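Below: one structure, written as structure tokens.
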Amino acid sequence: MAMAAATLGLGSCKTKALVNGGQQAETKDDFKWIVDTFDDIKVLQYKVPGFDQLTLQQKTLIYYLNQAALCGRDILFDQNFKYNLPIRRTLEAVYVNYGGDKGTEEWAAFEKYLKKVWFANGIHHHYSNDKFTPEFSEAYFDTLIAAIPADKLPLDFGTAEELLAVVKPAIFDPSLYKTRLNQATGADLLQTSAMNYYEGVTQAEAEKFYSDMAAMHKGDPSPISYGLNSKLVKEAGEAMPLDEYGNVWVQDFDVIYEKVWKVGGMYSAAIEKIVYWLYKAQAVAEQPQKDIIGKLIEYYQTGDLRTFDAFNILWVQDTESVVDFVNGFTENYGDPIGYKASWESLINFKDMAASQRTELISANAQWFEDNAPIQDKYKKEAVKGVSAKVITAAIIGGDCYPATPIGINLPNADWIRRDWGSKSVTIQNFTEAYAESAKGNGFLEEFMLREDDRKRVTLYGSLGDNLHTDLHECLGHGSGQLAPGTKGDELKQYGSVLEEVRADLFALYYLADQKMIDLGIISDADVYKAEYANYIMNGMMTQLARVELGKNIEQAHMRNRQIIAKLAYEMGRGENVIEMPKVDGETFIVINDFEKLRNIFGQMLREIQRIKSEGDFKAGEKIVETYGVKVDFALHKEILERYAKLNIQPYNGFVNPVYETVMEGDRIVDVIYRYPESYVGQMLQYSSEYSFLPSKN
Ligand SMILES: [Zn+2]
């Protein structure tokens, strides 16, 4: 991620889908992939192929874990911004209870705003982090509020006046809480970010708090992830009570302390529910999962980060269980200084057929390492713990919902990754949904010039994307080693983006390798050509559809893709490897020599690996700042105009299936799932059935 400060897990990442609207694959049925569209968002639903073939025990386990996954939704809303819960509840109270005219433009704008708040888990855009601008007036909002019974508003915040005194400025005053996550160096990143991981502390105070904590454990080979599961607050100390002589010791002092997220701590009401369902899951789980879930429960009960590490070590070793899960405070992308983790959950089961593909790749990890185009001294002698599988997602929650990653690589603690390895997944039913829902949207015709490329992408685009994710996650991040004396944090704020560049280059380079054909993973060189064409077009042009005109690129994965595309273009210029022709005033990009482009990727990988291995900050900074940040204004404008014409929403997310138990007496005899009626319906259902936190936490 593009973070201004060091992050806890440089090796970890969440791979996001490219902006290409997916590929246009043939579909045989008339499944409704797109459930709702509004603003820049498209809400899809995903199939859960293979669920019916699971055993009753596995289905029951998924059912309980699915309940646990839904219980943490409020936590994320509160983490994103401290007034998100009272705001959401106020908006929902209006939405459900307003009896006036719903055919007006202002009502439509109000509804759109609420849909966006649901999607972003708060009032800031999930991707750009900017606060939403309501398209309805404050006066209109007043009439809505006046039209509903006051007792429908969230009453646990204070009086209606107190509530609205907070909610209205947060929604309508553009100068307040402008961004959830400020990453522009220079300002105090905590004071200028609306996220709710800190209260009353400056960036310097927070950094000192955690560097002092780390200093106390200096030399610890297995350090805990400091600050991961708590909010850091500064409060005025209380006056001491009378001492035994009757003196009052009044002192003017501040205390900085952590409010830990655990049973009995902050967010307890939601965490207790999560734990309740985890106990149920544990009861039906088989070993080693019984112990793994038990450790997670213990962690939620104690808040002890050593227990969290113990849980992760057990979890990462379990590569056999068909059903697997993520549930907890996991990724630190939402904290400008990278300590605090947002709550998320993903329940999944192994896609047996597709996992053969990643198992083959993993089984040959050493071959890939030995043959990488990097200097021998930076190759790992023994590649460790590369475990990868293709999964089918069954439910997503917290920070994985509704916008979701398509690949995950966990755990994040560097020393656990080093000593125990990591688990990496590609979520195939999501990529399928992206591809299917993009069918016939006109994207390829608009942006891809050559018929050849379009054909290849139509045939192999999805497979190429999936393989790219497999190679990136299974091998890319785990490859290479540091030079003696390099600590790993030398690249500072450029570390995470360069790590993504490295993993992507590894994937791009090997996708075109004869080894992939020899292993039987791909049958045709057209697969890599499809991916190359897609990747370069996306990195150079079409991903700009996600950036507001006039702005720089902030998001780490987007910076990474632009760096690779632009640098490849530069390096191949002499031989015209990549060309940007103009046809009728429209810009296109074509690859003239796929072989040479592959060589360029190899040379780039060699250099990026050298930069990482040697901790060459200057070289890393130069690459990111030269190729990753700035945007060509004229091209950007053109892309936005052409994209707008297509009427495609650049962001996707999902509604979840709804799981239900079939009972015989008090015995579960089956678990079935159905698709929700609508996006709005699911959001309202979650808000009424899975909302456990007070409006003030
Ligand atoms: Zn990555």
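Got at least one residue in region 493-505 being away from the ligand (no atom under 16 Å from the Cβ) and of a type outside the set (Val, Ile, Thr)? Yes, region 493-505 has at least one match. Within region 507-518, residues that are more than 14 Å from Asn364 (Cβ to Cβ) and assigned to a loop (DSSP other than H, G, I, E, B) sit with their Cβ atoms under 9 Å from residues that are of a type outside the set (Gly, Ala, Ser) and open to solvent by 10 Å² or more (accessible area, probe 1.4 Å), at 6+ positions apart or across chains, in these pairs: Ala512/Tyr528; Ala512/Lys529; Ala512/Phe594; Ala512/Glu595; Ala512/Arg598.
On the basis of being at pLDDT 90 or above, under 27 Å from the mean Cα position of the chain (by Cα), within 16 Å of the ligand (Cβ to nearest atom) and among the hydroxyl-bearing types (Ser, Thr, Tyr), does Thr469 make the cut? Can you show your working first?
Numbers: at pLDDT 90 or above: no; under 27 Å from the mean Cα position of the chain (by Cα): yes; within 16 Å of the ligand (Cβ to nearest atom): yes; among the hydroxyl-bearing types (Ser, Thr, Tyr): yes.
Spelling it out, it is not the case that Thr469 is at pLDDT 90 or above, under 27 Å from the mean Cα position of the chain (by Cα), within 16 Å of the ligand (Cβ to nearest atom) and among the hydroxyl-bearing types (Ser, Thr, Tyr).
Just checking, how many residues over region 148-196 are assigned to a loop (DSSP other than H, G, I, E, B), over 25 Å from the mean Cα position of the chain (by Cα) and either of a type in the set (S, T, N, Q) or under 12 Å from Lys131 (Cα atoms) (or both)?
Step one: of region 148-196, the residues assigned to a loop (DSSP other than H, G, I, E, B) are 148-149, 153-159, 173-178, 180-184, 186, 188-196.
The next check asks that each one be over 25 Å from the mean Cα position of the chain (by Cα); those that pass are 148-149, 153-159, 173-176, 186.
Cutting the leftovers down to either of a type in the set (S, T, N, Q) or under 12 Å from Lys131 (Cα atoms) (or both) gives us 159, 173-176.
Of the residues in that region, 5 qualify.
Scanning region 339-369 for residues that are open to solvent by 30 Å² or more (accessible area, probe 1.4 Å), within 26 Å of Phe51 (Cβ to Cβ) and not in a helix (DSSP H, G or I) yields a total of 2. The sole residue among Met558, Met516 that is out of contact with any His (no Cβ under 6 Å at 6 or more places or on another chain) and either among the aromatic types (Phe, Trp, Tyr) or away from the ligand (no atom under 16 Å from the Cβ) (or both) is Met516. If you go through region 580-616 and keep only what is in contact with a Gly (Cβ under 9 Å, 6 or more places away or on another chain) and surrounded by fewer than 16 Cβ atoms within 10 Å (Cβ to Cβ), you end up with Asn592, Asp593. Quick check: anything in region 452-465 in contact (Cβ under 8 Å) with a residue 12 or more places away in the chain and within 16 Å of the ligand (Cβ to nearest atom)? Taking every residue of region 452-465 in turn, at least one turns out to be in contact (Cβ under 8 Å) with a residue 12 or more places away in the chain and within 16 Å of the ligand (Cβ to nearest atom).
If you go through region 96-138 and keep only what is farther than 24 Å from Asp399 by Cβ and assigned to a helix (DSSP H, G or I), you end up with Val96, Asn97, Glu105, Glu106, Trp107, Ala108, Ala109, Phe110, Glu111, Glu138. Scoring Pro484 on the criteria (1) out of contact with any Lys or Arg (no Cβ under 8 Å at 6 or more places or on another chain); (2) without any contact (Cβ under 8 Å) to a residue 40 or more places away in the chain; (3) within 16 Å of the ligand (Cβ to nearest atom) leaves a single failure, condition (3). Would you point out the residue of region 370-411, among those that are more than 16 Å from the ligand (Cβ to nearest atom) and of a type in the set (S, T, N, Q), that is surrounded by the most Cβ atoms within 10 Å (Cβ to Cβ)? Only one residue tops the list, namely Thr392.
Per this entry, Arg561 is not counted among residues that are open to solvent by less than 60 Å² (accessible area, probe 1.4 Å), over 28 Å from Tyr127 (Cβ atoms), charged (D, E, K, R) and not in a strand (DSSP E or B).
(1) within 16 Å of the ligand (Cβ to nearest atom); (2) open to solvent by 20 Å² or more (accessible area, probe 1.4 Å); (3) at pLDDT below 90: which one isn't true of Tyr509, the others all being true? Among (1) within 16 Å of the ligand (Cβ to nearest atom); (2) open to solvent by 20 Å² or more (accessible area, probe 1.4 Å); (3) at pLDDT below 90, the lone unmet condition for Tyr509 is (3). Once region 635-680 is narrowed to residues that are part of a helix (DSSP H, G or I) and in contact with a strand residue (DSSP E or B) (Cβ under 9 Å, 6 or more places away or on another chain), the residue that is surrounded by the fewest Cβ atoms within 10 Å (Cβ to Cβ) is Leu635.
So how many residues does region 475-490 have that are in a loop (DSSP other than H, G, I, E, B), buried (at least 22 other Cβ atoms within 10 Å of the Cβ) and modelled with pLDDT of 90 or more? I'd like the intermediate steps shown before the answer.
Quick first cut of region 475-490, residues in a loop (DSSP other than H, G, I, E, B) only: 477-490.
Okay, now just the ones that are also buried (at least 22 other Cβ atoms within 10 Å of the Cβ), so 477-480.
Checking which are modelled with pLDDT of 90 or more leaves us with 479-480.
Residues that pass the stated criteria total 2.
Out of Asn441, Asn538, I need the residue that is more than 16 Å from the ligand (Cβ to nearest atom) and of a type outside the set (Lys, Arg). Which one?
On the way: Asn538 fails: more than 16 Å from the ligand (Cβ to nearest atom).
Step by step, each of Asn441, Asn538 is checked, and only Asn441 is more than 16 Å from the ligand (Cβ to nearest atom) and of a type outside the set (Lys, Arg).
Per-residue answers, yes or no, for (1) more than 16 Å from the ligand (Cβ to nearest atom); (2) closer than 25 Å to Gly681 by Cβ; (3) at pLDDT 50 or above:
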| residue | (1), (2), (3) |
| --- | --- |
| Gly11 | no, no, no |
| Gly21 | yes, no, no |
| Glu26 | yes, no, no |
| Lys42 | yes, yes, yes |
| Gln58 | yes, no, yes |
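The values are calculated or read from the model by the stated rules, or taken from the named source; none is laboratory data. Nothing here was measured: the structure is a model prediction, and the numbers come from that model. Cβ: placed from backbone, ideal geometry, glycine included. Neighbour counts: every protein chain shown. To get the accessible areas, we keep the full protein, side chains included, count just its heavy atoms, and leave off ligands, DNA and RNA. Shrake-Rupley method; radii C 1.70, N 1.55, O 1.52, S 1.80 Å.
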